[in-house]
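Worksheet: one structure, shown below.
The values are calculated or read from the model by the stated rules, or taken from the named source; none is laboratory data. Small disclaimer: the values here were computed from a predicted structure and weren't measured. FYI the Cβ positions are ideal-geometry reconstructions off the backbone, even for glycines, and counts take in every protein chain you see. What goes into the accessible areas is simple: the full protein's heavy atoms, side chains included, and nothing from ligands, DNA or RNA. Shrake-Rupley method; radii C 1.70, N 1.55, O 1.52, S 1.80 Å.
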Amino acid sequence: MKKSRDPLQRIKHSSTLFAAPAALFLFATAIYPLIELIRMSLSRVTVSNILRTWPFVGLAEFKQLISSAQFIEALINTLIYTAVVLIVGIAGGLLAALVLSSTPRSRGSGGLEVRFSRFVFGMMVFVWMLPPVVAGSLWKFLLDKEGVVSYVLANLHVIAQPVPWLVQAQNHTALLAVAVVNAWVVVPFAALVFRAAILDIPPDPIDAAQIDGATRLQVFRHITLPMLRSTFLILVVLTIVYAFRSFDFIYVMTSGGPGTATTTLPYLSYRLSFENYKFGLGAATAVISIVMVLATALLYIRANREEVG
């Protein structure tokens, strides 16, 4: 009589079968395109041979790319863009989280404040889930020279005359405008994460500090902020990765212009590949971007391990 298979072996075999479709999908949509991208970056690929054999050129495309002025400009634009999204997004998210997390502890006495906090909380979730194409189109209209932003700032005497925010390359105006809009989307996500971390802080140290006469600023600086260190670090890394690979807002609002004023590395890769049809150079740009994002992602993995540990 044939002996039955061990139950643990059957469970392991079944889990492998269930994981196979997901692994196949991951290979088809992520791993295989990445392999082809790397192979394309090491080849000379143009319109004439994209459907034929790609001649191998080694690192020639990378050398040509790195020595070009457009790559240096795109790299500088990417660093400025990422820095603005990071600073505005994290600072705004932390400030919003502090405001939203201060109300729920006094539910019995502040009904209006609780309702207002819930309304703001819901609006943040709405902003965070808004498609980038919709948000970018909305802000493109608002930041027009005759748009609402210029009108309000002119009436408040902040600016002397309407400013063409998205078509002015001087002083990185267009780049900063798109970066601030992108940070506007980061703020709700950062606020939700910070708020959850703040509400998770034990109230005993805060109550003891307040009894001893500590001000709100001192409580925040010496108690709240140190306890948010791991959350802060993880959010910083995630925001850097998100901002570094940002493409949709730039495509919708400025298309990399005026000229190349808002062209970042991801958009440069798109422009080289699908506007100039230099697929090898575009792939090399994408590979460099991926390497820089992976380096930042490694920081996230390390920070996550330290938090779990």
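Couple of notes before you dig in:
- Considering the conditions (1) at negative phi; (2) modelled with pLDDT of 90 or more; (3) surrounded by 20 or more Cβ atoms within 10 Å (Cβ to Cβ), residue 273 is excluded by exactly one of them, (3).
- Residue match in the range 279-299 (condition: assigned to a helix (DSSP H, G or I), in contact with a Phe, Trp or Tyr (Cβ under 6 Å, 6 or more places away or on another chain) and not charged (D, E, K, R)): yes
So that you can scan it fast, the table gives a plain yes or no per residue for (1) in contact with a strand residue (DSSP E or B) (Cβ under 6 Å, 6 or more places away or on another chain); (2) crowded, with 20+ Cβ neighbours inside 10 Å; (3) over 27 Å from residue 59 (Cα atoms); (4) not basic (Lys, Arg):
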position	(1), (2), (3), (4)
269	no, yes, no, yes
278	no, yes, no, no
292	no, no, no, yes
305	no, no, yes, no
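- Residue 257 vs. criteria surrounded by 15 or more Cβ atoms within 10 Å (Cβ to Cβ) and touching a helix residue (DSSP H, G or I) at 6+ places or on another chain (Cβ under 6 Å): no
- Among the conditions (1) at pLDDT 95 or above; (2) more than 23 Å from residue 267 (Cα to Cα); (3) not polar (S, T, N, Q), residue 5 misses just one, which is (1).
- Of note, residue 245 satisfies the criterion of being under 14 Å from residue 179 (Cα atoms), surrounded by 16 or more Cβ atoms within 10 Å (Cβ to Cβ) and of a type in the set (Lys, Arg).
- Any hit, the range 225-233, residues being closer than 18 Å to residue 69 by Cα and surrounded by fewer than 20 Cβ atoms within 10 Å (Cβ to Cβ): no
- When the test is whether a residue is assigned to a helix (DSSP H, G or I) and either of a type in the set (Val, Ile, Thr) or more than 30 Å from residue 95 (Cα to Cα) (or both), residue 268 passes it.
- Neighbours by Cβ (under 7 Å, 6+ apart or cross-chain): first from the range 116-137, touching a residue at least 12 places away in the same chain (Cβ under 8 Å) and assigned to a loop (DSSP other than H, G, I, E, B); second among the acidic types (Asp, Glu) and open to solvent by less than 90 Å² (accessible area, probe 1.4 Å): none
- Single residue of 88, 84 found to be open to solvent by 50 Å² or more (accessible area, probe 1.4 Å), under 24 Å from residue 243 (Cα atoms) and of a type outside the set (Phe, Trp, Tyr): 88
- Residue in the range 55-81 that is most open to solvent (accessible area, probe 1.4 Å), counting only those that are of a type outside the set (A, V, I, L, M, F, W, C) and assigned to a helix (DSSP H, G or I): 63
Yes/no matrix, rows are residues, columns are (1) assigned to a helix (DSSP H, G or I); (2) under 25 Å from residue 95 (Cβ atoms):
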{"site": "141", "(1), (2)": "yes, no"}
{"site": "152", "(1), (2)": "yes, yes"}
{"site": "164", "(1), (2)": "no, no"}
{"site": "168", "(1), (2)": "no, no"}
{"site": "171", "(1), (2)": "yes, no"}
{"site": "185", "(1), (2)": "yes, yes"}
{"site": "193", "(1), (2)": "yes, yes"}
{"site": "213", "(1), (2)": "no, yes"}
